[in-house]
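Chemist: First the structure, which I've put down as structure tokens, then a few questions once you've had a look.
The values are calculated or read from the model by the stated rules, or taken from the named source; none is laboratory data. These figures come from a predicted structure and were not determined experimentally. Here the Cβ positions follow ideal geometry from the backbone for every residue, glycine too, while neighbour counts run over all protein chains shown.
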Amino acid sequence: MTTRRQLVRALLAAPAITPWAALSVARSAATAADAPRFVFVILRGGLDGLTAVPATGDPAFAEARGPLGQFSAFGAAPLPLAGPSGSLFALHPLLPQLHAMYGRGELAVLHATGLPYRERSHFDAQQVLESGGTRPYELSTGWLGRAVAARGGVPLKAVAMETAVPLVLRGPADVDTWAPSAMPEPSPDLVARLERLYAGDAALAQALARARGLREAPGMAANPPSPGGMAGGGGRLAIALATKAAEFLQRGSQVAVLEMGGWDSHTNQAAPQGATSNNLRALDAALDALREGLLPQQQWRRTAVLVATEFGREVAVNGNLGTDHGSGGAAFVLGGAVKGGQVLADWPGLAKKDRHEGRDLRITTDLRAAMRTLLAAHLRLPSAVIDTQVLPGSHGLGDLDLLRG
């Protein structure tokens, strides 16, 4: 038997907003238009940083990477990254929009970066990436969730582009969620009947009113395409989620989290139509869609985006023309607030003697240094709060030169 609460959940499922944390239009209007925006993009599965950002200028690159160091099948050479690092690094040919951002000074690349975790479990590494701890399951909430709540009396408004709040945003503050839904649009008559029915139930009435406000707001599609109905699969979905995230950020949210899976590239990693190549295309297009969505009202210039994965891959190709779980990798920091056009890397080299355990790109920059810099200099959290509440154990990591002055 369907209950009233089940019925309202079905109504709210398109778009899927958690009733206890649905976005409030009035609250959105109260957010300062010039407040900084921050987006965290999680690449689940372990992005191979040497594929996304090949170190073509390293003398050991060609031999170390073998067939994974060849890009002729993509019809273009790697896209060079000019800057203080010279010609050591490039972007994969399937990342032209990121390359354009780099040229405009909107993208900084971190290389040979990673977390304190040095083992090779996806589950443990993702837990560390999202919790902000130094070892798996040391912390049960997320570093960004704690940061959202650490802004004194008024927490930052945050939204996860998922059906449930991911670990990275879990904490003391309420967080909104959004995901596409295949459910049909409710009729105006049904909505009116529900309003009358819920008049005596304050919680349900409030949830319904907030959901209606969100659905009817300018620019917010009431019934967007469902994941299963999107031609192009994950690429179209990634673009749709990035576009929707930009709409939330334009309307008052200050923090957003997106994720892309499928980066566990054990086989056929260099195939032009393989999973890794398609993911690179999707990532490039989604980040460009996020930028385009934030350009109106000049929100892009107030935005910083961190794109990170739980660990990198081994340097050498495996027997299946892929790569196995590793340590160091690459991350991206982009946005109008970012001091781009630079690669930040204390490069350890790719010769076997220079690798971690003889296998992996060695980590020389702690990814938490980028997190700290963005939290302190962009979201304006006090260093003492970051040290004790948000990223405990990270005290002493130096700031990175990631933001415009």
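Chemist: From the set of residues in the range 144-160 that are without any contact (Cβ under 8 Å) to a residue 60 or more places away in the chain and over 30 Å from Ser181 (Cα atoms), which is farthest from the chain's Cα centre (by Cα)?
Modeler: Gly153
Chemist: Moving on. Here is a list of conditions, (1) at pLDDT 95 or above; (2) within 24 Å of Val390 (Cα to Cα), and Ile239 meets all of them except one; can you say which number that is?
Modeler: Among (1) at pLDDT 95 or above; (2) within 24 Å of Val390 (Cα to Cα), the lone unmet condition for Ile239 is (2).
Chemist: Give Thr141, Thr163 a once-over and let me know the one that is polar (S, T, N, Q), within 26 Å of Pro36 (Cα to Cα) and touching a residue at least 40 places away in the same chain (Cβ under 8 Å).
Modeler: One residue alone meets the criteria, Thr163.
Chemist: For Arg27, only one of the following conditions fails: (1) at pLDDT below 95; (2) assigned to a loop (DSSP other than H, G, I, E, B); (3) of a type in the set (D, E, K, R). What is its number?
Modeler: Result: Arg27 passes all but (2).
Chemist: If the requirement is being surrounded by 24 or more Cβ atoms within 10 Å (Cβ to Cβ), touching a helix residue (DSSP H, G or I) at 6+ places or on another chain (Cβ under 9 Å) and either free of Cβ contacts under 8 Å to residues at least 60 places away in the same chain or small (Gly, Ala, Ser) (or both), which of these qualifies: Gly329, Gly341, Gly336, Gly322?
Modeler: It is Gly329.
Chemist: From Ala76, Ala55, which residue is under 17 Å from Ser277 (Cβ atoms) and either part of a loop (DSSP other than H, G, I, E, B) or small (Gly, Ala, Ser) (or both)?
Modeler: Ala76
Chemist: When you go through (1) under 24 Å from Ala316 (Cβ atoms); (2) assigned to a helix (DSSP H, G or I); (3) in contact with a helix residue (DSSP H, G or I) (Cβ under 7 Å, 6 or more places away or on another chain) one by one for Gln97, which number turns out not to apply?
Modeler: (1)
Chemist: Give the range 275-306 a look and list any residue that's closer than 16 Å to Ala370 by Cβ and either surrounded by fewer than 24 Cβ atoms within 10 Å (Cβ to Cβ) or in contact with a Gly (Cβ under 8 Å, 6 or more places away or on another chain) (or both), or say none.
Modeler: Answer for the range 275-306, where residues must be closer than 16 Å to Ala370 by Cβ and either surrounded by fewer than 24 Cβ atoms within 10 Å (Cβ to Cβ) or in contact with a Gly (Cβ under 8 Å, 6 or more places away or on another chain) (or both): Thr303, Ala304, Val305.
Chemist: Scanning the range 263-314 for residues that are β-branched (Val, Ile, Thr) and under 14 Å from the mean Cα position of the chain (by Cα), which turns out nearest to Pro116 (Cα to Cα)?
Modeler: Ranking the qualifying residues of the range 263-314, first place goes to Thr309.
Chemist: Go through (1) touching a residue at least 12 places away in the same chain (Cβ under 8 Å); (2) assigned to a helix (DSSP H, G or I); (3) farther than 30 Å from Gly393 by Cβ; (4) hydrophobic (A, V, I, L, M, F, W, C) for Ala62 and report which single condition fails.
Modeler: It fails just one condition, (1).
Chemist: Counting only residues that are among the hydrophobic types (A, V, I, L, M, F, W, C) and assigned to a loop (DSSP other than H, G, I, E, B), which one in the range 146-171 is surrounded by the fewest Cβ atoms within 10 Å (Cβ to Cβ)? Steps first, please.
Modeler: Filtering the range 146-171 down to residues among the hydrophobic types (A, V, I, L, M, F, W, C) leaves 147-150, 154, 156, 158-161, 164-165, 167-169.
Of the ones still in play, those that are also assigned to a loop (DSSP other than H, G, I, E, B) are 150, 154, 156, 161, 164-165.
On the way: Ala150: 21, Val154: 10, Leu156: 22, Met161: 23, Ala164: 13, Val165: 21.
The extreme case among them is Val154.
Chemist: Another question, if that's okay. On the given criteria, is Pro54 over 30 Å from Val191 (Cα atoms), touching a Pro at 6+ places or on another chain (Cβ under 7 Å) and either at pLDDT 95 or above or crowded, with 17+ Cβ neighbours inside 10 Å (or both)?
Modeler: Yes: the conditions hold for Pro54.
Chemist: Moving to a separate point now. If Ala125 satisfies all but one of (1) under 23 Å from Leu283 (Cα atoms); (2) in contact with a strand residue (DSSP E or B) (Cβ under 7 Å, 6 or more places away or on another chain); (3) of a type in the set (Gly, Ala, Ser), what's the number of the condition it fails?
Modeler: (2)
Chemist: Still on this structure, I have one more. Between a first residue in the range 381-397 that is under 11 Å from Gly132 (Cα atoms) and a second residue that is β-branched (Val, Ile, Thr) and part of a helix (DSSP H, G or I), which pairs have beta carbons less than 8 Å apart while being 6 or more apart in sequence or on different chains?
Modeler: Ser394/Ile386
Chemist: If the requirement is being under 30 Å from Gly45 (Cα atoms), modelled with pLDDT under 85 and surrounded by 14 or more Cβ atoms within 10 Å (Cβ to Cβ), which of these qualifies: Ser131, Ser181? Explain how you work it out, then say what you get.
Modeler: Details: Ser131 fails: modelled with pLDDT under 85.
On inspection, the qualifying residue turns out to be Ser181.
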